[in-house]
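The values are calculated or read from the model by the stated rules, or taken from the named source; none is laboratory data. Please read these numbers as outputs of a predicted model, since none were measured by experiment. In this analysis, Cβ positions are derived from the backbone assuming ideal geometry, glycine residues included, and neighbour counts consider all displayed protein chains.
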Amino acid sequence: MATLPTYTFNPGPAAVYPELRQYLTDAFEEGWLSAPHRGERFTALVRHCLDQARAKLNIPQDYTILFTSSATECWEILAQSLTPRRSFHLYNGAFGQKWFDYARALRPGCTGLRFDINDVPDPATLPFNPEETDLVCLTQNETSTATQLRDSFVLNVFNRLGPALLAIDATSSLGGVQLKFIKADVWYGSVQKCLGLPAGLGLMVLSPRAVARAREIGDKAHYNSINSMVSNMLNHQTTHTPNVLGIYLLSRVLQAREGIKVIAPHLQERAQKLYDYFEQVQPLGLRPLIENPEARSTTVIGLQGPPAVIDEVKRRARDEFGLQLGSGYGDWKTTSLRIANFPAVPDAAFEALVQFFEKVRSEEVVK
C-alpha cells in the first residue's frame with residue numbers, strides 16, 4: 001500500500017481537520033449513523049448546526065440555510081426554482097463555465113460572458129438587462145483558475161441588479177473568506193474545501209428576497225425545489241433523507257473552529273507570504289499563475305511553469321517531503337499546480353512547503 005502524504009494541498013476534496021477521527025468515533029458511538037431524520041434528536045442537531053453556521057460564518061439571522069448534496073446540485077435547483085426565463089453568467093474558469101452550460105441546458109435563453117483570468121471586469125458594462133434577467137451568476141472564487149472577485153466587485157454588481165437576483169458560487173471560499181452575505185441573494189458551497197470535511201454535503205444560503213421570489217415563481221414540480229426545501233427547513237428537516245453524518249460533522253467542526261473574523265485574516269496573511277515568495281524567488285521558474293494581484297485568490301494559490309517542471313515538482317514534493325500538491329485544471333491542467341490555503345491545512349504544512357522549494361532552489365543554484 002502506498003504511503004499517504006504527510007500534508008495535502010489538494011483544493012478539493014481537501015485536507016480534513018484531524019479532530020474528525022474522534023468526531024467519527026463519537027458519531028458511531030452516539031448512534032448518529034442510524035438516527036431517524038424526522039425525529040426530535042435530528043431536528044435539534046440541525047438547529048445547533050445552523051446556529052453554529054450563523055455564528056462562525058457570520059450569516060445573517062434572516063437568511064435561510066439549506067442542505068444539499070453538493071455545490072453542483074445547486075445549479076439545478078437554481079435553474080428550476082429561480083430562473084423561469086434566463087440567467088446571466090460571468091466566469092473565467094471551468095466551474096463557472098460548467099454552471100453556465102448546465103443552466104443553459106435547462107434554460108436555453110441563458111447568456112454568459114467569459115473574462116480573462118488577469119482581468120477584473122467593470123460591473124457597469126456587464127451585458128445583461130436587469131428587467132429581463134432572473135439571476136446574475138458569479139463564481140466568487142474560481143477553484144480552477146485560482147482567481148477571486150473582491151467584495152467591492154460583488155457590491156457594484158449588486159447595486160445594478162434591479163429586479164434580478166444575485167447568486168454566488170462560494171465553493172472554495174465559504175469558511176475561508178469573510179463573505180458579505182447581505183450583498184447577494186444566493187450563496188452556495190460544499191464542505192470539502194474551506195470547511196475541512198469529507199465531500200457529500202453542500203450549503204445554500206438564501207436572502208429573504210430570494211425566498212420570496214421562489215414563492216412568486218411557485219416551482220412545485222421538482223423534488224428539491226426551493227419552496228419545498230424552505231418549507232421543510234421551517235421544521236429543521238429536509239425534503240430527502242439527508243447526510244446525517246455530514247451534518248453532525250459540520251456541527252462539530254463549526255463549534256470547535258474560531259470565527260471567520262479570525263480565520264480569514266490568517267489565510268490572507270499566509271497567501272500573501274506565498275505570493276511574495278514565488279514572485280521574488282521563482283524556484284525552477286515557477287511563478288504565480290495570476291499576475292494581477294487584484295484577481296488572485298486567497299484560498300487557492302496557482303503556480304505556472306513548463307509541464308515537465310510541474311510534473312517534477314509534484315513528484316519530488318510527494319516523494320521527498322510527503323507533500324501532495326494540487327494539479328492544474330482545465331486549460332491550465334499541464335502548465336500549473338494549485339495550493340489549497342484552507343483552514344484545515346496547518347501552518348506547519350506551509351513551513352514544510354517553503355522548505356521544499358528552498359531545497360529545490362538551492363540545488364538549482366548549485367547546478
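Observations on the model:
- Qualifying helices (runs of 4 or more DSSP H) (wholly inside the stretch 150-258; at least 1 residues being of a type in the set (D, E, K, R) and without any contact (Cβ under 8 Å) to a residue 60 or more places away in the chain): 151-158, 208-217
- Here the stretch 31-41 is the region considered, the condition is being outside any helix (DSSP H, G or I) and either among the acidic types (Asp, Glu) or at pLDDT below 95 (or both), and the residue that is surrounded by the most Cβ atoms within 10 Å (Cβ to Cβ) is HIS37.
- Residues that are over 20 Å from ALA348 (Cα atoms) and in contact (Cβ under 8 Å) with a residue 12 or more places away in the chain, drawn from the stretch 304-318: GLN304, GLY305, PRO306, PRO307, VAL309, ILE310, GLU312
- Only residues that are in a helix (DSSP H, G or I), out of contact with any helix residue (DSSP H, G or I) (no Cβ under 6 Å at 6 or more places or on another chain) and surrounded by fewer than 20 Cβ atoms within 10 Å (Cβ to Cβ) were counted across the stretch 304-313, and they come to 4.
- Evaluating PHE321 against the criteria (1) within 25 Å of ARG257 (Cα to Cα); (2) touching a residue at least 60 places away in the same chain (Cβ under 8 Å) leaves one unmet condition, (1).
- Qualifying residue in the stretch 42-56 (condition: farther than 22 Å from LEU195 by Cα and either surrounded by fewer than 22 Cβ atoms within 10 Å (Cβ to Cβ) or out of contact with any strand residue (DSSP E or B) (no Cβ under 9 Å at 6 or more places or on another chain) (or both)): no
- Test set (1) among the hydroxyl-bearing types (Ser, Thr, Tyr); (2) farther than 29 Å from VAL211 by Cβ; (3) part of a helix (DSSP H, G or I) - TYR17 fails condition number: (3)
- ILE301 fulfils the conditions (1) touching a residue at least 60 places away in the same chain (Cβ under 8 Å); (2) surrounded by 22 or more Cβ atoms within 10 Å (Cβ to Cβ); (3) part of a helix (DSSP H, G or I); (4) among the aliphatic types (A, V, I, L, M) except for a single criterion, (3).
- Members of the stretch 34-66 found to be under 24 Å from ILE263 (Cα atoms) and acidic (Asp, Glu), listed by number: ASP51, ASP62
- Yes/no for THR145 being β-branched (Val, Ile, Thr) and touching a Ser or Thr at 6+ places or on another chain (Cβ under 7 Å): no
- Only a single criterion out of (1) surrounded by fewer than 24 Cβ atoms within 10 Å (Cβ to Cβ); (2) touching a Lys or Arg at 6+ places or on another chain (Cβ under 7 Å) is not satisfied by PHE153, namely (2).
- Hits in the stretch 113-154 (condition: more than 19 Å from the chain's Cα centre (by Cα) and of a type in the set (Phe, Trp, Tyr)): PHE115, PHE128
- Condition check for SER81: closer than 23 Å to ARG209 by Cα and assigned by TED's automatic domain parsing to the domain that holds VAL244: yes
- For the stretch 330-343, the criterion of being loosely packed, with under 14 Cβ neighbours inside 10 Å, over 25 Å from PRO13 (Cβ atoms) and either among the basic types (Lys, Arg) or more than 19 Å from the chain's Cα centre (by Cα) (or both) is met by no residue.
- Residues in the stretch 31-78 that are more than 16 Å from the chain's Cα centre (by Cα) and aromatic (Phe, Trp, Tyr): TRP32, PHE42, TYR63.
- Scope the stretch 242-289; condition surrounded by fewer than 16 Cβ atoms within 10 Å (Cβ to Cβ), under 20 Å from LEU20 (Cα atoms) and among the charged types (D, E, K, R); matching residues: GLU258
- Test for VAL281: is it hydrophobic (A, V, I, L, M, F, W, C) and within 19 Å of ALA146 (Cβ to Cβ): yes
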